[in-house]
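The values are calculated or read from the model by the stated rules, or taken from the named source; none is laboratory data. Because the structure is a prediction, the values reported are computed rather than measured. Here Cβ is always computed from backbone atoms with ideal geometry, including for glycine, and neighbour counts include all displayed protein chains. The protein model used for the area step is the full one, side chains on, heavy atoms only, and it has no ligands, DNA or RNA in it. Shrake-Rupley method; radii C 1.70, N 1.55, O 1.52, S 1.80 Å.
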Amino acid sequence: MTELIASIRERYEYTLDQIAEAAQKSNRNPQDIRLVVVTKSQPVDVVQAAIEAGVRILGENYPEEGVTKINSLRGQSGVEWHMIGHVQSRKARLVVDHFALLHSLDSLKLAQRLDRFAAESNRILPVLLEFNVGGEESKSGWDASDEARWDALLPDVASILDLPGIRVTGLMTMPPLGTDPEESRRFFLRLRLLRDHLAAQFPKADWRELSMGTSADYEVAVEEGATLVRVGTAIVGARKYKHSSPVDKSEREA
Ligand SMILES: *Cc1c(COP(=O)(O)O)cnc(C)c1O
């Protein structure tokens with residue numbers, strides 16, 4: 001276990017250094033960027049080791065798997081859990097009850113359910129709107145690959161901003177996986193431009209967060225304005241098991 005902690009700590013600190021370097025290179029304050037360590041499909045002991053290594057924000061993709069870990073690591077003070085994967089409507093309550101931020105709000109229908117549960121739980125859930133900037137069929141999020149269609153997104157965004165139980169704080173994307181991190185740059189840029197477009201349309205809302213960048217391309221994401229990067233394998237290593245809690249196939253494929 002101590003070896004595991006040491007190796008995670010080393011990779012975590014290396015990643016923080018790389019983020020700081022990328023921030024400085026683009027005249028940004030490293031303090032404005034938060035590192036979310038993605039622990040999906042990692043057993044609880046790896047998550048425990050990550051916490052002991054100093055990790056403060058954990059990202060999970062599947063609500064039930066995340067809640068299982070949250071419950072078994074209860075009492076770990078100062079740790080924040082983010083939901084970063086596609087959430088089926090019937091899992092909305094788990095997200096409202098257990099997560100500090102949902103990165104992956106991808107439909108008005110899900111927003112409405114989250115809003116209802118948030119009202120029942122007497123909380124306001126911070127969310128990011130997920131956009132599919134690469135236009136891949138397999139990806140979640142509103143299709144924002146073609147700038148000519150951005151205005152068609154406005155009615156959904158307006159409806160979501162009106163919901164009292166959720167609070168939009170920015171945008172998220174997962175671009176096509178390329179072989180070179182530079183291939184992601186135009187997708188990150190597109191998300192930033194979309195954010196600027198939405199901010200101009202809805203100036204009273206809060207658009208500060210841009211969640212983008214993974215192990216493959218987080219430095220490029222920081223250069224393009226990321227405020228949250230989501231890094232898994234580069235810090236906690238290869239995923240140890242396939243998603244194994246009793247959920248249906250559609251969640252696993254998300
Ligand atoms: C798995 C995942 C990540 C992390 O990917 P790594 O390649 O392990 O860094 C980030 N974001 C989302 C949405 C993911 O599903």
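Please verify whether the stretch 183-191 includes one or more residues that are assigned to a loop (DSSP other than H, G, I, E, B), at pLDDT 95 or above and either within 13 Å of the ligand (Cβ to nearest atom) or farther than 16 Å from residue 35 by Cα (or both). Scanning the stretch 183-191 turns up no residue that is assigned to a loop (DSSP other than H, G, I, E, B), at pLDDT 95 or above and either within 13 Å of the ligand (Cβ to nearest atom) or farther than 16 Å from residue 35 by Cα (or both). The residues listed here are 159, 140, 211; of these, the one that is among the hydroxyl-bearing types (Ser, Thr, Tyr), under 19 Å from the mean Cα position of the chain (by Cα) and more than 23 Å from residue 16 (Cα to Cα) is 140. Kindly evaluate residue 50 against the criterion of being part of a helix (DSSP H, G or I), under 17 Å from residue 230 (Cβ atoms) and in contact with an Asp or Glu (Cβ under 7 Å, 6 or more places away or on another chain). Spelling it out, it is not the case that residue 50 is part of a helix (DSSP H, G or I), under 17 Å from residue 230 (Cβ atoms) and in contact with an Asp or Glu (Cβ under 7 Å, 6 or more places away or on another chain). Applying the condition of being of a type in the set (D, E, K, R) and within 15 Å of the ligand (Cβ to nearest atom) to the stretch 17-57 and asking which residue is nearest to residue 7 (Cα to Cα) yields 40.
Residues in the stretch 195-230 that are on the phi > 0 side of the Ramachandran plot and within 11 Å of the ligand (Cβ to nearest atom): 213 only. Summed over the stretch 231-241, residues that are more than 13 Å from the ligand (Cβ to nearest atom) and in a helix (DSSP H, G or I) total 0. In the stretch 78-90, the residues that are basic (Lys, Arg) reach residues that are open to solvent by 60 Å² or more (accessible area, probe 1.4 Å) with C-beta atoms within less than 9 angstrom, at least six apart or across chains, in these pairs: 90/113. Report whether or not residue 185 is touching a residue at least 12 places away in the same chain (Cβ under 8 Å) and of a type in the set (Lys, Arg). The answer is yes for residue 185. From the list 33, 70, 57, the lone residue that is at pLDDT 95 or above, of a type outside the set (Lys, Arg) and out of contact with any strand residue (DSSP E or B) (no Cβ under 6 Å at 6 or more places or on another chain) is 33.
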